[in-house]
Amino acid sequence: MRIISIANQKGGCGKTTTAVNLGAALASNNRKVLLIDFDPQAHATVGLNVQAKISIYNCLSKLSPEKATLQDIIVNIDNNFDLAPSNIILTTLEQELANEIGRENHLQDTLSAFKNDYDYILIDCPPNLGILTVNAICASNEVIIPVEPSRFSVEGLSRLIDIIDLIQNRLNHTVSHNVLVTMFDSRLKYAFRILAELRSKFRECMFSTIIHVNVKLKESQSSGSSVMGFDKYSRGAKDYFSLAKEMLSMGKQVEKGTEFVVSKKMRELVSAHLPKLNKVTLKLDFPGAKEVYIAGDFNNWSKDPSSAMIGTNGSWNKRLSLKPGQYHYRFVVDGNWITDPGNPLQEKNPYGEYDSLLKIGA
């Protein structure tokens with residue numbers, strides 16, 4: 001399964017248009033696709049004419065009065081094409097996650113616990129580089145960066161790639177990126193000049209396909225449909241169908257080795273929000289268990305979908321991203337709280353029972 005974020009901190013570059021129509025084009029190629037609308041503006045949700053009472057916010061928020069799993073919120077759009085809708089309340093999630101340990105892995109944990117048979121999961125990101133976009137990148141193995149041919153887009157693109165590179169170094173998460181030229185007007189000499197500049201700077205990580213300006217793309221949004229369903233013979237539909245074919249032929253992408261220079265101020269800014277974390281995997285052998293959670297002072301002792309462990313043939317595991325330090329934790333097996341039988345380090349808690357201890361070195 002390929003998980004792909006579609007991201008750009010600049011608005012108006014065709015990000016949501018790409019997310020919706022690429023998803024529809026992949027579905028028309030007999031691939032099962034889930035589109036996650038991770039933008040609080042919910043443009044993908046509105047553009048597909050979906051009105052949902054619960055959204056991706058209900059899957060990730062601990063404060064939501066109506067908790068839901070990802071499976072609960074999925075809406076079928078067309079054959080092989082599903083949507084996980086968004087809502088304006090998603091804007092509050094960044095504030096909720098501000099002081100949480102491992103806040104950048106919430107979406108990744110939700111997808112890890114999500115049992116599905118999708119070939120592609122596409123994530124439509126908000127037009128910024130906040131915690132929601134960082135969550136999406138951490139949950140993905142690929143990023144598509146839509147960019148329209150303009151001077152500001154070229155300058156912003158380099159900075160965005162710098163940030164992606166810094167995120168994967170800080171969080172030890174490998175993710176490749178590819179640039180997609182959108183909104184290309186072949187009537188303008190200026191557009192060709194910017195295209196040549198983009199190819200000169202980013203040739204190794206650019207799609208060959210170009211998305212041209214086409215009125216059918218806007219008309220399809222107004223009709224609440226993808227361009228594939230609105231007019232499959234239009235230039236817009238053909239462009240996104242070509243993009244889907246190119247992606248299918250690429251297979252699993254590998255990270256490019258191009259180095260980018262990040263300014264000192266940018267490094268300080270991102271480093272302040274993304275401290276160096278350690279990846280730790282906790283395991284429990286418990287055949288016959290129906291559900292197992294891990295709760296500790298690293299997640300406020302919460303037993304929710306993000307703390308569910310993944311089970312395979314009686315063996316349960318959970319990967320955590322933690323700062324250096326000492327943590328208390330316990331397993332919750334079918335409602336029963338137990339210490340880690342494989343960890344001899346324990347400490348008595350105020351309730352007369354014992355918590356397991358986890359020590360993370362610098």
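Please report Ile4, Ile194 as a ranked list, fewest other C-beta atoms within 10 angstrom at the top and most at the bottom.
Ile194, Ile4
Could you state the per residue volume, in Å³, of the convex hull enclosing the Cα atoms of the range 14-105?
Numbers: hull volume 9.3 nm³, N = 92.
Cα convex hull per residue, to the nearest whole number: 101 Å³.
Dividing the convex hull volume of the Cα atoms of the range 127-236 by its residue count, what figure in Å³ per residue is obtained?
Expressed per residue, the convex hull around the Cα atoms of the range 127-236 is 127 Å³.
Can you tell me which aspartates and glutamates have their Cα less than 17 Å from the Cα of Lys216? Leave out same-chain residues fewer than eight positions away.
Cα-Cα hits under 17 Å: Asp185, Asp231, Asp239.
Stretch Tyr351-Asn30 to full length: gain in nm at 0.36 nm per residue minus the Cα-Cα span?
110.0 nm
Please compute the Cα-Cα pair-distance distribution of the chain with 10 Å bins starting at 0, giving whole percents from short to long.
It works out to 5, 23, 31, 24, 12, 5, 1, 0, in whole percents.
What value, in deg cm²/dmol to 500, does the helix sum -39500 (n - 2.57) over DSSP H runs of n ≥ 4 give at 222 nm once divided by the residues of the chain? The partial results should precede the final answer.
Values: 13 runs with 121 residues, N = 362.
Helices in the chain give a 222 nm mean residue ellipticity of -9500 deg cm²/dmol.
Take the Cβ-Cβ distance between Ala113 and Ile54 as r, set R0 to 22 Å, and report the resulting FRET efficiency rounded to the nearest 0.05. Working shown, then result.
Details: r = 17 Å, r/R0 = 0.79.
Efficiency at R0 = 22 Å is approximately 0.80.
Taking H as built 1.01 Å from N, whose amide H comes closer than 5 Å to the amide H of Tyr354, not counting residues under 5 places away?
Excluding prolines and chain starts, which carry no amide H, the hits are Asn349.
Between Met1 and Lys323, what is 0.36 nm times their sequence separation minus the Cα-Cα distance? Round to one decimal in nm. All intermediate terms of the calculation are to be shown ahead of the outcome.
On the way: separation 322, 0.36 × 322 = 115.92 nm, distance 2.93 nm.
Full-extension gain reported as 113.0 nm.
Could you list Thr17, Thr92 in order of exposure, starting from the residue whose Cβ has the fewest other Cβ atoms within 10 Å?
Fewest-to-most Cβ neighbours within 10 Å comes out as Thr92, Thr17.
Give a quick list of chymotrypsin sites (Phe, Trp or Tyr not before Pro) in the range 320-356 that DSSP marks as loop, anything other than H, G, I, E or B, with at most 14 other Cβ atoms within 10 Å. Provide the component values of the computation, followed by the final result.
Working: sites: Tyr327, Tyr329, Phe331, Trp337, Tyr351, Tyr354; in loops: Tyr351.
Qualifying residues, ordered by number: Tyr351.
For Glu142, what residues show an amide H to amide H distance below 5 Å, using hydrogens built from the backbone and excluding near sequence neighbours?
Here Ile3, Ser5, Ser176 satisfy the definition.
For Lys201, which aspartates and glutamates qualify as cross-link partners when the Cα separation must be under 19 Å and same-chain residues fewer than eight apart are set aside?
Once the sequence-local aspartates and glutamates are set aside, what remains near Lys201 is Glu148, Glu155, Asp162, Asp165, Glu255, Glu259.
Check every DSSP H run in the chain and write down those whose alpha carbon atoms cover 18 angstrom or more along the long axis and whose mean Kyte-Doolittle hydropathy is 0.0 or greater. Let's see the in-between values first.
On the way: long enough: 15-28 (20 Å, 0.59); 151-170 (29 Å, 0.17); 189-202 (20 Å, -0.08); 235-250 (23 Å, -0.30).
The qualifying helices are 15-28, 151-170.
Just to be sure I understand: of the beta bridges DSSP finds with both ends in the chain, what percent are antiparallel, rounded to 5?
On the way: 31 of 57 bridges.
The antiparallel proportion sits near 55 percent.
Between Asp185 and Ile360, how many nm apart are label points set 7 Å from Cα along the C-beta direction?
5.0 nm
Given R₀ = 45 Å, what would the calculated FRET efficiency be for Lys290 paired with Glu246, taking r from the Cβ atoms and rounding to 0.05?
Calculated transfer efficiency: 0.55.
May I ask you to compute the full-extension gain from Gln71 to Ser302, defined as 0.36 nm times their residue separation minus their alpha-carbon distance, rounded to one decimal in nm?
Fully extending the segment from Gln71 to Ser302 adds 81.1 nm.
What's the center-to-center distance, using Cα atoms, between the range 4-18 and the range 192-249 in Å?
13 Å
Within the chain, what's the longest stretch lacking trypsin sites (Lys or Arg not before Pro) that sit in DSSP loops with no more than 11 other Cβ atoms inside 10 Å?
Within the chain, the longest run free of exposed trypsin sites (Lys or Arg not before Pro) spans 291-362.
Place +1 on the Cβ of every Lys and Arg and -1 on the Cβ of every Asp and Glu in the chain, take the dipole about the Cα centre, and give the residue among Leu345, Asn172, Thr110 whose Cα lies farthest towards its positive end.
Toward the positive end, the furthest listed residue is Asn172.
Please arrange Glu148, Glu197 by counting, for each residue, the other beta carbons lying within 10 Å of its beta carbon, fewest first.
Listing Glu148, Glu197 from fewest to most nearby Cβ atoms yields Glu197, Glu148.
What is the Cα convex hull volume of the range 277-360 when expressed per residue in Å³?
Residue-normalised Cα hull volume stands at 93 Å³.
Based on alpha-carbon centroids, what's the gap between the range 158-174 and the range 111-142 in Å, whole number please?
When both Cα centres are located, 15 Å separates them.
When the Cα centres of the range 35-96 and the range 312-344 are compared, how far apart do they sit, in Å?
What the calculation gives is 30 Å, centre to centre.
Every number in this text was worked out from the coordinates using simple rules, so none of it is lab data. Source: prediction; values computed, not measured. Cβ coordinates were reconstructed from backbone atoms using ideal geometry, including for glycine residues, and neighbour counts include every protein chain displayed.
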